[in-house]
Amino acid sequence: MPETVVVHRGHGLPYSKGLMSQTLSATGLSPQRAFDLAREIEVRLAARGEAEVDLAGLRALAEEVLREAEGDTAVRRFRDWNRLDRLDRPLIVMIGGAAGVGKSTLATMLAHRLGITRVIATDVIRQVLRAFFTHEAMPVVHHSAFEVDLHGFGEQAELVGTGIEAIVERAGAERTPIVVEGVHAVPGALTPDLRAACVAVEALIVVEDEEAHRAHFTLRGAARPAERYLDRFAEIRELQDHLAGRARERGTTVIDNTGADETLRLLMGLVLDAVGKLEEET
């Protein structure tokens, strides 16, 4: 099959099914379905018999294939995906959840999918507070979130939240997209002023099935021994219920992480819907 070169701003590279399938999968398609459509785009490019295609022409062809195969919703999300690097406000994704729900892994996967290089773990902020304040001065930050009661967690989240606000404020000023993940990324924590300075996307990750949640801790490896978490499993589940209740009160999306691929698809959907809503407002 003859190669088609994709030209953009005077530079050209051969069409890549891998890159196109990665972009198409961001619209919510499974990796295999995205690859199949990327291959169909390659076939149609070859059928045209043209040595080159510009980026706008390639996107138009991708939209044609998407519309025929998946409908208008997939096309809209494809367009929203292509707007991500042209936003006038930075994208800030907040992923909360209790210990063991997979939020760190999902945050890393989502950041990679979005091309975001900064992933901030809220536990790092807590560690900084621990370094600067003694146990006597600020005792609540010297314990993990599941080692304090709900009142103590609220106090801890408020203290860590000050650091989160500073990071988001700076990201807004620098127009730098970031993903913030951790138990302290509590639903509805961003102030209206911070929201106005960014494109905010919030989600709470849970694992509804108790045994599936328990099993997550056995996969953590020696660096994070399972016993420490399993001994406090009842407290972790109580904290999850508390966070889920808060999320529902504030209208934050709650995602049951039954599988990383599906959860990532849902997170991508939230991001693209936020971008699409921004486009409608303007």
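Okay, here's what the table says:
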read-out	value
Condition met for Thr176 (more than 18 Å from Gly96 (Cβ to Cβ), part of a loop (DSSP other than H, G, I, E, B) and within 18 Å of the chain's Cα centre (by Cα))	yes
Matching residues, the range 245-282, being basic (Lys, Arg) and closer than 16 Å to Gly102 by Cβ	Arg265
Residues that are among the aliphatic types (A, V, I, L, M) and touching a strand residue (DSSP E or B) at 6+ places or on another chain (Cβ under 7 Å), drawn from the range 244-263	Ala244, Ala247, Val254, Ile255
Close pairs (8 angstrom Cβ cut-off, 6 or more residues apart or separate chains): closer than 13 Å to Gly154 by Cβ in the range 237-258, of a type in the set (Phe, Trp, Tyr) and in a helix (DSSP H, G or I) anywhere	Leu239/Phe146; Leu239/Phe153; His242/Phe153
Residue under evaluation Val148, criteria (1) under 18 Å from Gly97 (Cβ atoms); (2) touching a residue at least 60 places away in the same chain (Cβ under 8 Å), criterion not met	(2)
Residues of the range 168-196 classified as small (Gly, Ala, Ser) and buried (at least 19 other Cβ atoms within 10 Å of the Cβ), total	5
Residue ranges of strands (runs of 3 or more DSSP E) in the range 46-129 with at least 3 members in the same structural domain as Leu219 (by TED's automatic domain parsing) and crowded, with 19+ Cβ neighbours inside 10 Å	91-96
Qualifying positions in the range 135-169 - among the hydrophobic types (A, V, I, L, M, F, W, C), closer than 26 Å to Phe233 by Cα and assigned to a loop (DSSP other than H, G, I, E, B)	Met138, Val148
Test: residue in the range 251-258 that is under 13 Å from the mean Cα position of the chain (by Cα) and modelled with pLDDT under 90	no
Cβ-Cβ under 9 Å pairs, at least 6 apart or on other chains, the range 1-20 side in a strand (DSSP E or B), far side among the hydroxyl-bearing types (Ser, Thr, Tyr)	Val5/Tyr15; Val6/Tyr15; Val6/Ser16; Pro14/Thr4
Whichever residue in the range 24-45 is buried (at least 19 other Cβ atoms within 10 Å of the Cβ) and of a type in the set (Ser, Thr, Tyr) and, among such residues, is farthest from Arg76 (Cα to Cα)	Ser25
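The values are calculated or read from the model by the stated rules, or taken from the named source; none is laboratory data. Since the model is a prediction, treat every value here as computed from it, not as a measurement. With ideal geometry, Cβ positions are generated from the backbone for all residues, glycine too; neighbour counts draw on all protein chains shown.
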